[in-house]
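Notes for the one structure printed next.
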Amino acid sequence: MTENGIRAARTVPARTRWRDRTVAAALLVTVWMLLWGVFSWANLISGLLVAAVVLTVFPLPPVTFAGRPRAVGLLRLGWRFLTDLVAASAELAVLAFRFGHQPRSAIIRVPLRVPSDLVLTLTGEAVSLVPGSLIVDTDQASTTLYIHVIGVPDRAAVERFRRQVYETEARIVRAIGSDAEIHMLKRPVSAVEE
């Protein structure tokens with residue numbers, strides 16, 4: 001564990017750690033029950049035991065959630081994600097059926113403005129779920145994403161994609177971030193990329 005991770009683990013209150021563990025255990029038990037496909041007391045008890053073992057043997061790193069869910073931000077995030085999904089699928093289909101055309105791809109470095117593991121993870125997931133882009137690496141210390149993108153013919157397309165990632169980060173932070181994280185979005189992108 002890094003020094004920052006140790007410091008973060010020390011600063012997370014016990015109440016928050018128990019809440020996070022309870023949520024993780026509930027999710028693991030739910031997945032366990034869904035895998036079995038039958039609700040029974042035996043499956044519930046065995047799911048609780050499996051969750052306890054998993055959380056003890058493979059402890060989750062402390063990821064603090066300092067923000068609060070905002071309904072309007074969540075709706076904007078969901079709507080834009082669905083439109084991006086449809087548009088990217090259509091663009092990828094067009095690329096696939098252009099015979100004789102070799103699409104260019106690139107690996108794009110995008111340092112995020114908000115230094116949060118949660119924002120890094122959610123932004124990476126949102127970007128990877130849209131067809132045509134895939135996270136190939138992350139740098140947790142600098143909260144940087146390295147993204148493989150298909151169909152980027154020139155430098156302008158690279159910059160357009162980078163702006164889209166920053167917009168995704170902003171939508172995520174405005175949906176679930178703290179006031180301090182929202183304030184960090186005002187930092188100019190050029191200051192982050194240096």
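With the chain treated as a Gaussian network of Cα nodes joined by springs under 10 Å, which of Leu75, Leu120, Leu55 yields the largest mean-square fluctuation?
Leu55
For region 79-96, just list the computed ³J(HN,Hα) in residue order, Karplus coefficients 6.51, -1.76 and 1.60, θ = phi - 60°, integers in Hz, with x standing in for Gly and Pro.
Karplus values, whole Hz, x for Gly and Pro: 5, 5, 4, 5, 5, 4, 4, 5, 4, 5, 4, 5, 4, 5, 5, 5, 4, 5.
Scan around Gly177 for amide H atoms under 5 Å from its own, H built in the peptide plane at 1.01 Å from N, and keep only partners 5 or more places away or cross-chain.
Amide H neighbours of Gly177, under 5 Å, 5+ apart: Arg68.
Could you list the chymotrypsin sites (Phe, Trp or Tyr not before Pro) in region 96-178 that lie in coil according to DSSP, counting only those with at most 15 other Cβ atoms within 10 Å of their Cβ?
Loop-located and lightly packed - Phe97, Phe99.
Which of these, Leu129, Leu34, Leu145, has the largest mean-square fluctuation under a Gaussian network model of the chain (Cα springs below 10 Å)?
Sorting by GNM fluctuation, first place goes to Leu34.
Could you pull out every residue, at least 5 positions away or on a different chain, whose amide H is within less than 5 Å of the one on Leu112? Hs are placed 1.01 Å off N in the peptide plane, and Pro or chain starts have none.
Thr144, Leu145
Provide Thr121, Thr22 in ascending order of the number of other Cβ atoms located within 10 Å of each residue's Cβ, fewest first.
Least crowded to most crowded, the residues run Thr22, Thr121.
Hey, could you get me the Stokes-Einstein D for the chain, Kirkwood radius over alpha-carbon pairs, 37 °C and 0.692 mPa s, rounded to whole µm² s⁻¹?
171
Assuming R0 = 45 Å, can you tell me the calculated FRET efficiency for the pair Asp139 and Val38, based on Cβ-Cβ distance, to the nearest 0.05?
Efficiency, rounded to the nearest 0.05: 0.55.
Laboratory data are not the source of any read-out in this text; all were calculated from the coordinates shown. Fair warning: this is a prediction, and the values are worked out from it, not measured in the lab. FYI the Cβ positions are ideal-geometry reconstructions off the backbone, even for glycines, and counts take in every protein chain you see.
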